[in-house]
Amino acid sequence: MALYLLYETASGYSLFEAHGLDQIGQDTEAVRSSISDMNRFGKVVKLTAFHPFESALDALNQCNSVSEGLMTDELRSFLELNLPKVKEAKKAKFSLGVSEPKIGSHILEETKIPCQSNEFVLEILRGVRLHFDRFLKDLKPGDIEKAQLGLGHSYSRAKVKFNVNRVDNMVIQAIFLLDTLDKDINSFSMRVREWYSWHFPELVKIVNDNYLYARVVKLVEDKSKLVDDSLPALTDILGDEDKAKEVIEAGKASMGQDLSAVDLINVQMFAQRVMDLSEYRKKLYEYLVTKMNDIAPNLASLIGEVVGARLISHAGSLTNLAKCPSSTLQILGAEKALFRALKTKGNTPKYGLIFHSSFIGRASARNKGRMARYLANKCSIASRIDCFADNNTTVFGEKLREQVEERLDFYDKGVAPRKNIDVMKSAIEITQNDDMNIDEAPTEASAKKSKKKKSNGEPMAEDKPTAATNGDASEGTKSEKKKEKRKLDAEVTKTVTNGDAEEDRTAKKKKKKKSKDEGEDLQATTTEKKKKKKKSRSEDDE
């Protein structure tokens, strides 16, 4: 059986034919030894056809289709022209060797050309790749490298520009930055507390919040300047007048040492930096919430924006998270504990990043593992809906959240939850109704526009024939129209009169029937009366 080889390059498609395979044999070791020698390899493999790409854009499109396992029209025509034809009833006397099994299966479905992809074919294609510049004689040195470099750059650029609105990389970067900001703000605020405590140690016990502490430090500056006049400013910061009075009284009787003006300036500058970082952290959190509502709205409404973003960042992307089964999603983030348990043959972890959800915290200690398994199941469903759905809706996430709440009630109180089929049917109905409402809005607007056009177009339609008609022709058309109207009116009156006559006839017939029925009823009553009289007479005679 003859063997043809399809080799895709950055410059075009090429087709090779392998001769004398019996001499080499099907052993891959023998193929490897023959590849390095071009004299021996050139006798076995020969170039039969080459189809160059028209442009760089064409090369990019062909590369994208090949990477996805799809056969383009150009590749199909190239194979049909250069390969022997396959009859429907008979088997093919040749086979096509390809590097990717996906494209081979697609070629077999479309063209009925038998394809194979194994170690033997891959070794021969490796030799073709090694000596490809010798098979094409018209190529200049460096042409293949330039084509490969340009195609590689354009292919990677196209992959990066996949979808601007649903880029989950921004969520990954935002959640990483949020975690680092939390650590930095905590460490910096502790440094501010320690630094300013040399001057005003009593303030640490009064103000517990880091951000409020930095604001108070920025306002107070020197404790000796604390007067009753600064009470309203302190109440604005702390939100409590009693605390503000306590700060003023503690400042008057403080045991801290005095600081120089330069030291106080540095402490104030550092406190201002901590305030700026905490304010930026709030803005970053709002940005993360908006991005999660755009990228994964169902996952965010089910488990929260922060936990959902952590799951996406740990998986690598939303697509990778959607590919994960619920058992993997359940222990995502607890890989060290899992492998330690497998190594020591201990108990495996029940939850990973999903533990930060409020549902597992609300569950009892006995039901935490069950709740984690159920919540991971619902999270995997929500991530798949977000990844593969065309329209962004939070309906499914809200319904899944209701299911988790019902499961919590079932574990605590024994209330039976709804079935998953019923919940999903209701969610699908809601989404369909929303789509119908969205579709009805533009149709109503178009109907209003058409009405306006008709109202504007009617007088124009009446004016056009008057302007077009002149002289006798206009009079003739008018008289013909009048005659047609008279005929129509006459036909209508005839039908009306005929209908009235038929109705009168039917009414008369009904009246006759009624009179006959009434006469028969009267006769029956008189006969019954006569019979009764006869019976009474006979009884009297007796």
Stretched out fully, how many nm does the piece from residue 426 to residue 105 gain, at 0.36 nm a residue minus the Cα gap? 111.6 nm
Efficiency of FRET from Cβ geometry, residue 320 and residue 348, R₀ 25 Å, rounded to 0.05: 0.70
Measure off, as a whole percent, the carbon and sulfur share of the 1.4 Å-probe accessible area of region 1-155, all protein chains present. 51
Residue 255 versus residue 398: modelled label distance in nm, points set 7 Å from Cα along the beta carbon direction: 5.7
What is the distance, in nm, between label points placed 7 Å from the Cα along the Cα-to-Cβ direction at residue 183 and at residue 72? 4.7
For region 170-209, what % of the accessible area comes from carbon and sulfur atoms, probe 1.4 Å? 63
Length gained if residue 437 through residue 419 is fully extended, taking 0.36 nm per residue and subtracting the Cα-Cα distance, is 3.7 nm
Too long at a 20 Å Cα-Cα cut-off: which of 323/368; 350/399; 183/378; 90/112; 323/378; 46/87? 323/368; 350/399; 183/378; 46/87
Once you order the gyration tensor axes a ≥ b ≥ c over the Cα atoms, which shape class does region 141-219 get: rounded for a/c under 1.5, otherwise prolate or oblate by comparing a/b with b/c? prolate
Provide the packing ranking of 177-184, 72-79, i.e. peptides ordered by the mean count of other C-beta atoms within 10 Å per residue, highest first. 72-79, 177-184
Provide the packing ranking of 95-108, 361-374, i.e. peptides ordered by the mean count of other C-beta atoms within 10 Å per residue, highest first. 95-108, 361-374
If you plug each phi of region 119-133 into the Karplus form 6.51 cos²θ - 1.76 cosθ + 1.60 with θ = phi - 60°, what whole-Hz ³J(HN,Hα) values come out, in order, with x for Gly and Pro? 5, 4, 5, 5, 5, 5, 5, 5, x, 4, 5, 5, 10, 5, 5
At a Förster distance of 60 Å, what's the computed FRET efficiency of residue 284 paired with residue 38, Cβ-Cβ distance as r, to 0.05? 0.50
Evaluate the distance, in nm, between pseudo-label points positioned 7 Å from the Cα of residue 190 and of residue 227 along their respective Cα→Cβ axes. 3.9
Proximal charge balance of residue 49 [Cβ under 12 Å; K/R count +1, D/E count -1]: -1
Whole-percent carbon and sulfur share, accessible surface of region 251-377, 1.4 Å: 54
Would you mind getting me the FRET efficiency between residue 49 and residue 158? Use the beta-carbon distance for r and R0 = 30 Å, nearest 0.05. 0.60
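The values are calculated or read from the model by the stated rules, or taken from the named source; none is laboratory data. This one's a predicted model, so the numbers in the text were calculated from it and none came from an experiment. Quick reminder, even Gly has a Cβ in these numbers, built from the backbone with ideal geometry, and neighbours come from all protein chains shown. When the accessible area is computed, the model is the full protein with side chains, heavy atoms only, and any ligands, DNA or RNA have been set aside. Shrake-Rupley method; radii C 1.70, N 1.55, O 1.52, S 1.80 Å.
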